[in-house]
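The values are calculated or read from the model by the stated rules, or taken from the named source; none is laboratory data. It should be emphasised that the depicted structure is a prediction, and the values quoted were computed from it without experimental measurement. No Cβ is skipped: glycine too gets one built from the backbone with ideal geometry, and neighbour counts run over all protein chains shown. Each accessible area value is taken on the protein alone, full model and side chains, heavy atoms only, with ligands, DNA and RNA left out. Shrake-Rupley method; radii C 1.70, N 1.55, O 1.52, S 1.80 Å.
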Amino acid sequence: QVQLVESGGGLVQPGGSLRLSCAASGSIFRINAMGWYRQAPGKERELVARITITSADNTMYVDSVKGRFTISKDNAKNTVSLQMSGLKPEDTAVYYCNAQIRTNYRPLSVGDYWGQGTQVTVSS
């Protein structure tokens with residue numbers, strides 16, 4: 001019903017930048033929020049950044065990325081992006097796109113959807 005497709009991961013040196021993008025498609029009635037999680041080897045998945053899909057553009061970031069990462073959205077294209085700057089080795093992880101979506105089949109219910117993940121490696 002709904003697909004999230006991520007792009008933009010890769011290998012970057014410390015201090016470098018990467019931009020991740022996620023496009024939602026399918027039977028979408030309304031997107032409530034989109035965000036990025038990450039999971040490093042041996043660690044739990046953590047929320048990195050989140051943005052609500054409303055005119056208010058409410059955003060939140062985990063403390064470790066504040067001032068370095070910026071989340072943005074394109075409502076018309078159902079996409080969310082994560083601009084990552086000043087990357088550190090500890091940012092190395094698989095990054096997952098997440099979205100809370102009301103589908104055309106169940107417009108009164110909010111479903112939780114995930115992308116397949118994209119690897120980000122920060123290393124010299």
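With a 10 Å cut-off between alpha carbons and a GNM built on the chain, which of K73, K43, K88 moves the most?
So, out of K73, K43, K88, the one fluctuating most is K43.
What is the set of long-range amide H partners of G117 at a cut-off below 5 Å, with H atoms built 1.01 Å from backbone N?
E6, C97
Using Cα springs under 10 Å in a Gaussian network model of the chain, which residue among S81, S17, S72 shows the largest mean-square fluctuation?
Sorting by GNM fluctuation, first place goes to S17.
Could you give the accessible area per residue of the chain, probe 1.4 Å, as a whole number in Å²?
Here the residues of the chain average 53 Å² of exposed surface.
Of the residues L11, L20, L47, which exhibits the maximal mean-square fluctuation in a Gaussian network model of the chain defined by a 10 Å Cα contact cut-off?
L11
Could you pull out the GluC sites (Glu not before Pro) across segment 36-124 that fall in loop regions by DSSP (anything but H, G, I, E, B) with no more than 13 other Cβ atoms inside 10 Å?
Sites meeting the loop and neighbour criteria: E44.
Counting only protein heavy atoms and using a 1.4 Å probe, what share of the accessible area of the chain belongs to carbon plus sulfur, as a whole percent?
Working: 3110 of 6510 Å².
Carbon and sulfur: 48 percent of the exposed surface of the chain.
Using the Cα centre of segment 1-66 as the reference point, and only Cβ charges (+1 on K/R, -1 on D/E), how large is the resulting charge dipole? Debye, rounded to the nearest 20.
Using Cβ point charges on Lys, Arg, Asp and Glu, segment 1-66 gives about 20 debye.
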